1. What accessible area per residue comes out for the stretch 2-41, rounded to a whole number of Å², with a 1.4 Å probe?
2. Would you kindly compute the Cα radius of gyration of the stretch 1-43 and its largest Cα-Cα separation (Dmax), both in Å?
Amino acid sequence: MTRDIEAFRQRLAALGLRLPEAELPAMMQTIVELEAAARTLRVPRDHAEEPACCFRLPPPG
């Protein structure tokens with residue numbers, strides 16, 4: 001776990017971000033969950049299967 005936290009700290013530092021030490025584990029878990037959710041949206045699918053928030057019909061005319 002310590003190695004994971006250190007790698008996460010380095011990822012944040014590469015983006016110019018710094019968090020208090022006590023907040024790192026919770027933020028890391030949040031990022032892991034967000035990345036997992038993003039992976040489910042990145043799969044190839046038909047337009048009809050796209051989530052409503054991602055697919056917009058062009059305006060008529």
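The values are calculated or read from the model by the stated rules, or taken from the named source; none is laboratory data. Owing to the predicted nature of the structure, the values given are computational and were not obtained by experimental measurement. Quick note on the areas: whole protein, heavy atoms, side chains included, nothing else; ligands and nucleic acids left out. Shrake-Rupley method; radii C 1.70, N 1.55, O 1.52, S 1.80 Å.
1. Result: 80 Å² per residue.
2. Taking only Cα atoms of the stretch 1-43, I get Rg and Dmax of 11.4, 35 Å.
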